[in-house]
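The values are calculated or read from the model by the stated rules, or taken from the named source; none is laboratory data. Everything numeric in this text was worked out from a predicted model, so none of it was measured. Every residue, glycine as well, gets a Cβ built from its backbone with ideal geometry; the counts of neighbours run over all protein chains shown. Side chains included, ligands, DNA and RNA excluded: accessible areas come from the protein's heavy atoms. Shrake-Rupley method; radii C 1.70, N 1.55, O 1.52, S 1.80 Å.
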Protein chains: 2
Amino acid sequence: MSRASDQAYQKIRAYLLSGAAQPSEQLTEDQLAQIAGVSRTPVREAVRRLEDELLLVRSDTKRLFVADWSRDDIEEMFTLRQMLECHAAERAARRLSRAQVAQLETVNRILKDAIERPVPDVARFLEANRSFHELVIDAAHSPRLGQMLAKLVEAPVVLRTARNYSLDDLRQSARDHDELIAAFAARDPEWARAVMGSHLRRAFHSFANTVGPAAGESTSEAA
Amino acid sequence: MSRASDQAYQKIRAYLLSGAAQPSEQLTEDQLAQIAGVSRTPVREAVRRLEDELLLVRSDTKRLFVADWSRDDIEEMFTLRQMLECHAAERAARRLSRAQVAQLETVNRILKDAIERPVPDVARFLEANRSFHELVIDAAHSPRLGQMLAKLVEAPVVLRTARNYSLDDLRQSARDHDELIAAFAARDPEWARAVMGSHLRRAFHSFANTVGPAAGESTSEAA
DNA sequence: CGAACCGTTATTGTATACAAATCGCTCCCG
DNA sequence: CGGGAGCGATTTGTATACAATAACGGTTCG
């Protein structure tokens, strides 16, 4: 991560997530170059990636703007993620070795540790959670699937910065993981898929309620 | 498409598809710049896109190679495409307007015309087919879904260059489209999903048989 | 005879200067 | 008073030169 384009990517991303930039605000490559502390060349490369991750968008005339995500956008991403990650869980159930299952157990133990502390360590929880899902996706052994999911998972994680997690949510996640591990140990693809499905769907609702409370039917379908 | 980076993308892509480059052959940015007739800067941008589309791959040390697709790779892509495009069909069934359904009918009429000629016009068929699927995906109204599918659909289309289609395959496709239109007209998401599923799965087998005839279990999982 | 080291060459990565395009403003004309 | 053409300023796109890094080959030492 020492290369200038990677550094640019990291810094710009951090900048966007910090909330310092308003949604739909225009950004110029020069500004970003200044923020990242490198020249425009690597910035352009970083911007490409961020566009791909939909954190930045381009106008029809190639000008850059901070993406603004509607509630529909978020729901869409969760839906796609669910579809793909259920598939990943199913495949993983067919392929996971004992050692890999053990690894999942270890990671989930760390995750539980992070929860059950005087004050839950959310950063640690998120990191363990990320690891867990990454292990499952890797085990699915489907490079494109992994690539697509990386994009979908990244983005919402980003938005979670501001979010506050309830203890119940965290504990339920840990239990979901336990059941997922059971499904893997039993080599039952259908079970794994089902558990992953409810796990992610619950996550979506819990997420949606804290971010865009109601949303109703008012703005959604009309446009 | 007059921008240098677009031109580079087109030319390099055409070059790769022409078969002039062997799979796993190394390519340098300079070579590609020469082929595209522009400097390395836009070439690098084009290469990024082609990497994303998996026509090019990078070694761990950033060297560039022509991708070589295993049969497993192809199966994986068809599977993902099926999953996503079934979802698109389902969504489209809920949202398509009468006018859009009419448009699909028009396109499929063109597609049939292309088949039923003294000698079937495959290029015309493929173009109409592409249009048809694109209309469905657009109607699903899910930008990320569209983006992902674009990548998955592009690549195999590429490999089809050498392929020869049987008249039966072409006609079956046309019938599938008709049934899909019927499902849309009836606003039946489940029906649409099911038809799309069998449509694509058949396409996969028909494709796989002409490309990598047997594949069996010999080379696949071991590596 | 083999293997590790070092210098050369090839290749990718970055900075900068310049070209093309777009934007926003003013000014002119209807 | 409104709309559009033109112009200066801003922004993106491309070429080129140079820096950093990785591959290659030869040589030397064990």
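Could you list all residues from the stretch A:128-143 that are outside any helix (DSSP H, G or I) and either without any contact (Cβ under 8 Å) to a residue 40 or more places away in the chain or open to solvent by 20 Å² or more (accessible area, probe 1.4 Å) (or both)?
Within the stretch A:128-143, just A:His141 meets the criteria.
Restricting to the stretch A:20-45, and then to whatever is hydrophobic (A, V, I, L, M, F, W, C) and within 9 Å of DNA strand C (Cβ to nearest atom), can you tell me which residue is farthest from B:Arg144 (Cα to Cα)?
So the residue we want is A:Val38.
From B:Arg117, B:Arg94, grab the single residue that is within 14 Å of another protein chain (Cβ to nearest Cβ), basic (Lys, Arg) and over 26 Å from A:Ala67 (Cα atoms).
Of the residues listed, the single one that is within 14 Å of another protein chain (Cβ to nearest Cβ), basic (Lys, Arg) and over 26 Å from A:Ala67 (Cα atoms) is B:Arg94.
If you go through the stretch B:59-77 one residue at a time, do you hit one that is among the aliphatic types (A, V, I, L, M), surrounded by 16 or more Cβ atoms within 10 Å (Cβ to Cβ), away from chain A (no Cβ under 11 Å) and near DNA strand D (Cβ under 10 Å from one of its atoms)?
no
Just one of the numbered conditions (1) over 29 Å from B:Arg71 (Cα atoms); (2) loosely packed, with under 15 Cβ neighbours inside 10 Å; (3) within 16 Å of DNA strand D (Cβ to nearest atom) is not true of A:Asp52; which one?
For A:Asp52, the exception is condition (1).
From the set of residues in the stretch A:1-49 that are hydroxyl-bearing (Ser, Thr, Tyr) and within 14 Å of chain B (Cβ to nearest Cβ), which is farthest from DNA strand D (Cβ to nearest atom)?
Looking at residues that are hydroxyl-bearing (Ser, Thr, Tyr) and within 14 Å of chain B (Cβ to nearest Cβ), I get A:Tyr9.
So which of B:Ala174, B:Ala194, B:Ala203, B:Ala183 ends up being surrounded by 14 or more Cβ atoms within 10 Å (Cβ to Cβ), assigned by TED's automatic domain parsing to the domain that holds B:Cys86, at pLDDT 95 or above and within 19 Å of B:Ala123 (Cα to Cα)?
Exactly one of B:Ala174, B:Ala194, B:Ala203, B:Ala183 is surrounded by 14 or more Cβ atoms within 10 Å (Cβ to Cβ), assigned by TED's automatic domain parsing to the domain that holds B:Cys86, at pLDDT 95 or above and within 19 Å of B:Ala123 (Cα to Cα), namely B:Ala174.
Is at least one residue of the stretch A:145-155 surrounded by fewer than 21 Cβ atoms within 10 Å (Cβ to Cβ), charged (D, E, K, R) and closer than 28 Å to A:Ser18 by Cα?
Yes, the stretch A:145-155 has at least one match.
Exactly one condition in (1) away from DNA strand C (no atom under 16 Å from the Cβ); (2) at pLDDT 95 or above is false for B:Trp69; which is it?
Of (1) away from DNA strand C (no atom under 16 Å from the Cβ); (2) at pLDDT 95 or above, only one is false for B:Trp69: (2).
Scan the stretch A:79-86 and give yes if some residue there is within 10 Å of chain B (Cβ to nearest Cβ), of a type in the set (S, T, N, Q) and touching a His at 6+ places or on another chain (Cβ under 9 Å), otherwise no.
Checked the stretch A:79-86: at least one residue is within 10 Å of chain B (Cβ to nearest Cβ), of a type in the set (S, T, N, Q) and touching a His at 6+ places or on another chain (Cβ under 9 Å).
Taking the stretch A:7-20, which residues are surrounded by fewer than 19 Cβ atoms within 10 Å (Cβ to Cβ) and over 19 Å from the mean Cα position of the chain (by Cα)?
A:Gln7, A:Ala20, listed by residue number.
Pick from A:Arg91, A:Arg95, A:Arg81: which is outside the structural domain of A:Tyr9 (by TED's automatic domain parsing), closer than 14 Å to A:Arg193 by Cα, away from DNA strand D (no atom under 16 Å from the Cβ) and under 13 Å from the mean Cα position of the chain (by Cα)?
When all the criteria are applied, what remains is A:Arg81.
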